[in-house]
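The values are calculated or read from the model by the stated rules, or taken from the named source; none is laboratory data. Here the structure is a predicted model, which is why all the values come from computation and not from measurement. Methodologically, a virtual Cβ is constructed for each residue, glycine included, from the backbone with ideal geometry; neighbour enumeration extends over all protein chains shown.
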Amino acid sequence: MTFQENLTLTLRLVPIEFLNTLYMVFVSGFFAFLIGVPLGVLLYASDKSGLYPSPWIYRGMGTIVNIGRSIPFAILIVAIIPFTRWIVGTSLGTTASIVPLTIAAAPFMARVIEGALKEVGGEMVEAATTMGATKAFIISKVLFPESLPTIVSGVTLALVTLVGYSALAGLVGGGGLGKIAIQYGYQRFNGFLMIITLILIVLLVEGIEYMGNALVRSIEKKRGKR
Amino acid sequence: MNKNALIELEKVSKCFTPEKDALQSIDLEIFPGDIFGIIGRSGAGKSTLLRCLCGLDAPTSGRVFFDGEDLSLQGSKELRKKKQSMGMVFQHFNLLSSRTAFGNVSFPLEIAKVPDEVRKKKVPHLLSLVGLSGKENFYPATLSGGEKQRVAIARAIANDPKVLFCDEATSALDPANVKSLLDLLKELKGKLNLTIVIITHQMEVIREICTKVAVLEEGKIVEEGRVSDLFAAPKHPTTRRFLHHLTHDLPDHIFGNPNQELLRLSFRGEKAKKPLISRLLRHANIEVNILAGSIDALQNEVVGHLVVEFVGDEAEKAKAHDFLQKEKITYERLTPRELKE
């Protein structure tokens, strides 16, 4: 292929698939966060130093979360095809791949939230308890605001991981930059498109990290910590 | 139970391990208007005692009364309500880093569901009470240690508590800040009709501000009473150790003279002002060497201590003792070892 042909192909394919990647990463990130927050709170609260210590819930939840995190994503996509089909009506395509992406990222988010809440420390919780605060009040008005910077950097990391996972969605008929890499780079030996895709993915990861870090910095600056 | 006491502990024990009790059958009464000090070394059970006092922990056995009601009989909702009439100041401030000074002081008011308009008026007033007017929008990370503790105090008094608990509140501050913080507490007690309970390991804090004190050792109260009584005549060895580190750190070489007699003289009130030693020397032909001395101005009395060495023959020393007894000076003989402790 000539350079001209490559360029035409790039302009036809890359912008739309780049948007598809963004769509997959951020929508699944959003849903994973929605699932991860209650799971993380539950993990935090049921641990032995938490607000409602309950070893059974903690161990049970912990096991589920760990299983979720240990299944390789390529296998997860295939394994939950019936579930995906039940949710979105099909197991093929960009939207369908949001289901496995969400399921893969939710346990990660849960651990992010759990870790962030634990970082706040018992002294702060105790201080609020001595003031007569309810547990729900402590979670929403003490733990989350205090751990906001840690949560933001954890979510940033989860989004970066999702970029990696989303590339695999191309394997099973999902869209995104991964699809270009597989269909053109791998199956048709098109080095030009391969490199363009790589550069875009690296830029995307850098961009997400940059925004995440900037957000953390601005929160900390506002709180007088920098 | 005593109807007048604000807080009363009745045979309170707390054990974490079956072998040893962290608190052993503690009886304690704290009356409205007291500035009550609880002093003990680390591990003596101070924090455990405080956690029982403020309802954070339930005692293993015994009862805690606050304002006439048994805390263990309260449901969790009533207990939360009760806690809103107690303020607490912590060693490490425990301010929310995500909130400004205003937000931190407003926090307990939000817990108590105080309406917005009231909060907006009350918080600046509270901050001005602790001398932090104009610092409303400062985040804790931008405040000094002393200022953080002032915010914490404003927060602790936000819900007009009956009692203010201070858990080693001055331990993380430098001496100048300790002094001004204690002055602030005294001032607030007068203005707001507070009862204050102070947990500390620093006798300076007790001397500076407390009216009553309990000495805690290995989970037991070994001595309790008015601060002036304790300073004038400490009975338990632990109390003495706490008191005397304020004055004595004497080098070894001054001990060892065989004719030497070591005494600690204590005087209170008016006696502290009389020129005792020069009159003593007119009565007995001995050498008097002053090794250490202190005068403590307590909340309601002046208490003085003098550690002296008498050197001379036995007959003259006996005359000196007669003089001290006639003058009704409390004194005790010491061995060098006791003095070093």
Task: Sole residue being of a type in the set (A, V, I, L, M), surrounded by 20 or more Cβ atoms within 10 Å (Cβ to Cβ) and under 15 Å from residue A:169 (Cα atoms), chosen from A:113, A:81, A:98 - done: A:98
Open item on the list: Can you pull out every residue in region B:62-92 that is within 7 Å of chain A (Cβ to nearest Cβ) and without any contact (Cβ under 8 Å) to a residue 40 or more places away in the chain?
Closed with: B:80, B:81, B:83
Open item on the list: Every residue in region B:4-46 that is surrounded by fewer than 18 Cβ atoms within 10 Å (Cβ to Cβ) and either closer than 17 Å to residue B:194 by Cα or of a type in the set (Gly, Ala, Ser) (or both), please.
Closed with: B:4, B:13, B:25, B:31, B:32, B:33, B:42, B:43
Open item on the list: List the residue pairs whose Cβ atoms are under 6 Å apart, where the first residue sits in region B:45-60 and is more than 10 Å from every other protein chain (Cβ to nearest Cβ), the second is assigned to a loop (DSSP other than H, G, I, E, B), and the two are 6 or more positions apart or on different chains.
Closed with: B:45/B:219; B:46/B:40; B:52/B:59
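Would you point out which residue out of A:42, A:22 is within 23 Å of residue A:140 (Cα to Cα) and surrounded by 13 or more Cβ atoms within 10 Å (Cβ to Cβ)? Working first, answer last.
On the way: A:22 fails: within 23 Å of residue A:140 (Cα to Cα).
None of the other options fit; the residue is A:42.
Given the residues B:157, B:196, which is the only one that is within 16 Å of the chain's Cα centre (by Cα) and surrounded by 18 or more Cβ atoms within 10 Å (Cβ to Cβ)?
None of the other options fit; the residue is B:196.
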TODO: Name the single residue, out of those in region A:122-145 being closer than 17 Å to residue A:47 by Cβ, within 7 Å of chain B (Cβ to nearest Cβ) and of a type in the set (A, V, I, L, M, F, W, C), that is surrounded by the fewest Cβ atoms within 10 Å (Cβ to Cβ).
DONE: A:124
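Given the criteria more than 9 Å from every other protein chain (Cβ to nearest Cβ) and either farther than 27 Å from residue B:6 by Cβ or crowded, with 20+ Cβ neighbours inside 10 Å (or both), does residue B:116 qualify? First the steps, then the outcome.
Values: more than 9 Å from every other protein chain (Cβ to nearest Cβ): yes; either farther than 27 Å from residue B:6 by Cβ or crowded, with 20+ Cβ neighbours inside 10 Å (or both): yes.
Yes; evaluated as a whole, the condition is true for this residue.
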- [ ] Consider residue B:141 carefully, then state whether it is closer than 19 Å to residue A:222 by Cβ and small (Gly, Ala, Ser).
- [x] yes
Open item on the list: For the structure I just gave you, tell me whether residue B:29 is within 23 Å of residue B:207 (Cβ to Cβ), touching a residue at least 12 places away in the same chain (Cβ under 8 Å), within 21 Å of the chain's Cα centre (by Cα) and away from chain A (no Cβ under 14 Å).
Closed with: yes
Open item on the list: Taking the conditions exactly as written (among the acidic types (Asp, Glu), touching a residue at least 12 places away in the same chain (Cβ under 8 Å) and touching a Phe, Trp or Tyr at 6+ places or on another chain (Cβ under 6 Å)), does residue A:114 satisfy them or not?
Closed with: yes
Open item on the list: Given the condition within 25 Å of residue B:139 (Cβ to Cβ) and small (Gly, Ala, Ser), answer yes or no: does some residue in region A:162-181 qualify?
Closed with: no
Task: Selection status of residue A:69, out of contact with any His (no Cβ under 8 Å at 6 or more places or on another chain), closer than 30 Å to residue A:138 by Cβ, free of Cβ contacts under 8 Å to residues at least 24 places away in the same chain and in a helix (DSSP H, G or I) - done: no
TODO: Go through A:91, A:49 for me and flag whichever is surrounded by fewer than 17 Cβ atoms within 10 Å (Cβ to Cβ), of a type in the set (Gly, Ala, Ser) and not in a helix (DSSP H, G or I).
DONE: A:49
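One line per residue, one yes/no per condition, for (1) out of contact with any helix residue (DSSP H, G or I) (no Cβ under 7 Å at 6 or more places or on another chain); (2) without any contact (Cβ under 8 Å) to a residue 40 or more places away in the chain:
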residue: B:34; (1), (2): yes, no
residue: B:94; (1), (2): no, no
residue: B:112; (1), (2): yes, no
residue: B:125; (1), (2): yes, yes
TODO: Just give me the residues in region B:53-94 being farther than 26 Å from residue B:113 by Cβ and in contact with a Lys or Arg (Cβ under 6 Å, 6 or more places away or on another chain), in sequence order.
DONE: B:59, B:60, B:62
Task: Residue ID - farthest from residue A:3 (Cα to Cα), chosen from residues in region A:174-195 that are under 22 Å from the mean Cα position of the chain (by Cα) and among the small types (Gly, Ala, Ser) - done: A:174
TODO: Kindly indicate which of B:188, B:164 is more than 11 Å from residue B:36 (Cβ to Cβ) and at pLDDT 90 or above.
DONE: B:188
- [ ] Output the residues belonging to region B:100-130 that are at negative phi and basic (Lys, Arg).
- [x] B:119, B:120, B:121, B:122
TODO: Tell me the helices (runs of 4 or more DSSP H) entirely within region B:8-114 that contain at least 1 residues that are charged (D, E, K, R) and in contact with a Phe, Trp or Tyr (Cβ under 9 Å, 6 or more places away or on another chain).
DONE: B:76-83, B:101-111
